[in-house]
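The values are calculated or read from the model by the stated rules, or taken from the named source; none is laboratory data. Only a predicted model underlies this, so the values are computations on that prediction, with no experimental measurement involved. With ideal geometry, Cβ positions are generated from the backbone for all residues, glycine too; neighbour counts draw on all protein chains shown. Note: accessible area is taken over every heavy atom of the protein model, side chains too, but ligands, DNA and RNA are not part of it. Shrake-Rupley method; radii C 1.70, N 1.55, O 1.52, S 1.80 Å.
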Amino acid sequence: MKLSLLCAMAVGMTPFASAHYFFDVLIINGKETGHQQYVRENDRPLKYFPTKWKPVYDNLTPDGTDFRCNRGTFPSASRTQTATVKAGDKIGMKLAVGATMQHPGPELVYMSRVPSGKTAATYQGDGDWFKVFEQGVCRQGADFTRNAWCTWDRNKIEFTIPKDLPDGEYLIRPEHIGLHEAHVSQAEFYYACAQVKVTGGGSGRPGPMIRFPGGYRSTDSSFNFNIYNGYKAYTMPGPAVWKGGKFMAKRYSNTSVDVIVEAKPAKLARDSRTFREAMQEE
């Protein structure tokens, strides 16, 4: 029954496969797992529709709690398995029904540790998230509206679990942001959550942290960016990537996010690259 439904979806989605898409398969060290086996399933009428501030689809925006893992995914968490992976493993999340990413824009991966007393299947993702991967432009001289972006025509987002990550259960949240209409404040977000248990890890302390909703604002420059008329520098949204080690933070009065203790409390623009670099302790 489920296979028949998926096939029917694939037929219906074929014309749109590269325009809109959704993640459904977890990849562990190059080996694909089953459809929605470890990835929470959303309940949207058209599963491949993006999340936007405008126009709003399915009453879902980045300001809602469903922006954590997509609409209606928490009820599916109990029937979603939790994959056992190792720190240092290469992890991927693949798009469904043969789709590829043919919207220009960056890719990011966030993780959130399941709090004590819960499991990945009972955690809503309402705690802290940290970024473990990001990638924007790979070919600066290429078409900035298409294949200049690393994600162009790819069917998955891949990253490596930091070896210093403590053991435990986590949610993994890959995200692709379509910027083709960001110049008119219509950035598109494609994302999902996988449930994993990390083993063989270390004693790192991830950070800086972000929460969803609230971590992204409709006025952020990252979501109001013009890809047209040639290459220009793009500021990645969210905090800096955690690469391992023990993050230590102190909140300064002139900022809305945590900055490492060693960083001088200079007044830095929230969206500036300098500010984001100051947030990462190597």
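Here are the numbers:
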read-out	value
Hits in region 159-174 - residues which are of a type outside the set (K, R), open to solvent by 60 Å² or more (accessible area, probe 1.4 Å) and out of contact with any Ser or Thr (no Cβ under 9 Å at 6 or more places or on another chain)	T160
Residue identified as open to solvent by 10 Å² or more (accessible area, probe 1.4 Å) and without any contact (Cβ under 8 Å) to a residue 24 or more places away in the chain among N147, N155	N147
Matching residues in region 125-144 - criterion: being of a type in the set (S, T, N, Q) and surrounded by 16 or more Cβ atoms within 10 Å (Cβ to Cβ)	Q135
Failed item in (1) within 16 Å of the chain's Cα centre (by Cα); (2) under 23 Å from F67 (Cβ atoms), with T160 passing the rest	(2)
Qualifying residue in region 175-194 (condition: closer than 21 Å to G127 by Cα, open to solvent by 10 Å² or more (accessible area, probe 1.4 Å) and in contact (Cβ under 8 Å) with a residue 24 or more places away in the chain)	no
Qualifying residue in region 73-84 (condition: open to solvent by less than 50 Å² (accessible area, probe 1.4 Å), of a type in the set (G, A, S) and under 17 Å from the mean Cα position of the chain (by Cα))	no
Residue list for region 85-116, restricted to those being modelled with pLDDT under 95 and crowded, with 20+ Cβ neighbours inside 10 Å	V97
Output for region 36-72, where each listed residue is more than 16 Å from the chain's Cα centre (by Cα), open to solvent by 60 Å² or more (accessible area, probe 1.4 Å) and farther than 12 Å from E188 by Cα	D43, P45, L46, N59
Candidate set from region 119-140 (those that are without any contact (Cβ under 8 Å) to a residue 40 or more places away in the chain and assigned to a loop (DSSP other than H, G, I, E, B)); member that is nearest to the chain's Cα centre (by Cα)	C138
Checklist (1) at pLDDT 95 or above; (2) farther than 16 Å from L171 by Cβ applied to I28, failing item	(2)
